[in-house]
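The values are calculated or read from the model by the stated rules, or taken from the named source; none is laboratory data. Nothing here was measured: the structure is a model prediction, and the numbers come from that model. For neighbour counting, all protein chains shown are included, and Cβ atoms are generated from backbone atoms with ideal geometry for every residue, glycine included. Surface areas here come from the heavy atoms of the whole protein model, side chains and all, with no ligands, DNA or RNA. Shrake-Rupley method; radii C 1.70, N 1.55, O 1.52, S 1.80 Å.
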Amino acid sequence: MWKHRGAVVQGGQAGKLGRRGLGYLLVLQVLLPLFAPIVDVFAIYGLVFLDPVRIGELWLVFLLVQFLMAAYAFRLDNESLRPLWTLPLQQFVYRQLMYLVVIQSVVTALAGVHLRWHRMERYGSLRVPPVSPGQA
């Protein structure tokens with residue numbers, strides 16, 4: 001987002017896209033994910049100190065809505081619904097990783113640190129065994 005900040009003040013279609021697109025990114029890709037861990041903390045608080053049955057029901061309704069939206073998206077692309085069984089796992093594993101990524105990105109951006117690409121070093125040392133004529 002920071003790299004394209006100049007698009008906000010540009011005129012014409014580029015500026016229009018910049019104002020809308022960067023605003024969208026700021027709200028939906030930065031601010032909401034920054035506040036999402038707070039929602040998880042409140043959910044745990046509700047399970048421990050409030051009515052755990054009601055909190056569990058709300059979580060299941062939320063999961064059902066996510067599942068229905070994902071199933072609809074998969075159907076639009078003519079994809080199999082088989083991978084959707086992992087959707088509940090995303091609530092506990094993938095989301096936590098995404099929180100860390102967003103928090104690290106915001107902290108490094110505010111600190112003015114440029115992150116490297118973390119490229120893998122390639123040594124060219126892999127040796128492929130020869131294929132015998134019967135296996136090809």
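Table for the structure above
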| quantity | calculated |
| --- | --- |
| Check on Arg5, touching a residue at least 12 places away in the same chain (Cβ under 8 Å), out of contact with any Phe, Trp or Tyr (no Cβ under 6 Å at 6 or more places or on another chain) and surrounded by 10 or more Cβ atoms within 10 Å (Cβ to Cβ) | yes |
| Qualifying positions in segment 65-92 - hydroxyl-bearing (Ser, Thr, Tyr) and over 23 Å from Ala36 (Cα atoms) | Tyr72, Ser80 |
| Residue check for Phe42: aromatic (Phe, Trp, Tyr) and closer than 30 Å to Ala109 by Cβ | yes |
| Qualifying residues in segment 103-130 (those that are of a type in the set (A, V, I, L, M) and open to solvent by 100 Å² or more (accessible area, probe 1.4 Å)) - the one nearest to the chain's Cα centre (by Cα) | Leu110 |
| Residue count, segment 97-107 (criterion: of a type in the set (S, T, N, Q) and either modelled with pLDDT of 85 or more or touching a Lys or Arg at 6+ places or on another chain (Cβ under 9 Å) (or both)) | 1 |
| Of all residues in segment 64-102 being part of a helix (DSSP H, G or I) and among the charged types (D, E, K, R), the one that is least open to solvent (accessible area, probe 1.4 Å) | Arg95 |
| Gln13, sole failed condition from (1) more than 22 Å from Tyr94 (Cβ to Cβ); (2) not in a helix (DSSP H, G or I) | (2) |
| Single condition His114 does not satisfy, out of (1) farther than 23 Å from Ala71 by Cα; (2) modelled with pLDDT of 85 or more | (2) |
| Count - residues of segment 8-39 that are touching a residue at least 12 places away in the same chain (Cβ under 8 Å) and under 19 Å from Leu63 (Cβ atoms) | 3 |
| Pairs with Cβ under 9 Å, 6+ apart, first in segment 44-62 and part of a helix (DSSP H, G or I), second surrounded by 11 or more Cβ atoms within 10 Å (Cβ to Cβ) and of a type in the set (D, E, K, R) | Gly46/Arg54 |
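For every residue, the table says whether it meets (1) under 26 Å from Val102 (Cβ atoms); (2) modelled with pLDDT of 90 or more.
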position: Gln13; (1), (2): no, no
position: Leu17; (1), (2): yes, no
position: Leu25; (1), (2): yes, no
position: Val30; (1), (2): yes, no
position: Phe62; (1), (2): yes, no
position: Arg75; (1), (2): no, yes
